[in-house]
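What follows draws every value from the coordinates through simple rules; no lab data is involved. Bear in mind that the values here come from a model prediction, so they are computed numbers and not experimental data. Reconstructed Cβ throughout: ideal geometry from the backbone, glycine too, with neighbour counts over all protein chains shown.
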């Protein structure tokens, strides 16, 4: 996998690099709290892509993922020009939902953590069971 999309390590963690730009910061040059959501979202998308799951294909089938619940812990500030690494791993999958554990590190230090529950929705916005093939891809760890 290219550096752009991150890579899955032997430990099963998907790693996605993120550089902090001026647009991600507030007046103090610390990362604005909502910017972490974007970092996590990009990493989740690339995690799925690394497992052969593409949003455009799901949309063509009338399906889409939506975040149902997210818990974030901000442990340390990230700052302008920091090179961060977002890790993503599957925590659980079943029914229409799956759960991911994500963290953002600067060097070896965890600075932010998130627990994410996502649901698969049909075109009418109703939850639908994860197809067996999709669940099998997500369960690979």
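Note on residue 117 and residue 28: the model spin-label points, each 7 Å out from Cα along the C-beta direction, lie 3.2 nm apart. Here the scattering of region 1-76 is modelled by Debye summation over its C-alpha atoms, one equal scatterer each and no solvent; at q = 0.25 Å⁻¹ the log10 of I(q)/I(0) is -1.21. Note on the chain: helix-only mean residue ellipticity at 222 nm, from DSSP H runs of 4+ residues weighted -39500 (n - 2.57) and normalised by residue number, equals -7000 deg cm²/dmol.
Within the listed set 46, 69, 89, the residue fluctuating most in the Gaussian network model of the chain (springs between alpha-carbon atoms under 10 angstrom) is 69. For the chain, modelled as a GNM whose springs connect Cα atoms under 10 angstrom apart, the maximal fluctuation among 92, 60, 101 occurs at 60.
Most exposed first by the Cβ proxy, i.e. fewest other Cβ within 10 Å, how do 23, 41 rank? Don't jump to the answer; show the numbers that get you there.
Details: 23 9, 41 15.
Fewest-to-most ranking of 23, 41: 23, 41.
Provide the convex hull volume over Cα atoms per residue for region 7-139, in Å³.
110
Short-range pairs are left out: with C-alpha atoms under 8 Å and at least six residues apart, the relative contact order of the chain is 25 percent.
Going from the fewest other Cβ atoms within 10 Å to the most, the residues 33, 51 appear in the order 33, 51. The mean sequence separation of alpha-carbon pairs under 8 Å and at least six residues apart, normalised by the residue count of region 1-83, gives a relative contact order of 39 percent.
Each of 83, 134, 37 has some number of other Cβ atoms within 10 Å of its Cβ, and from fewest to most they run 83, 37, 134. Among 75, 26, 11, the residue with the largest mean-square fluctuation in a Gaussian network model of the chain, with springs joining Cα atoms closer than 10 Å, is 11.
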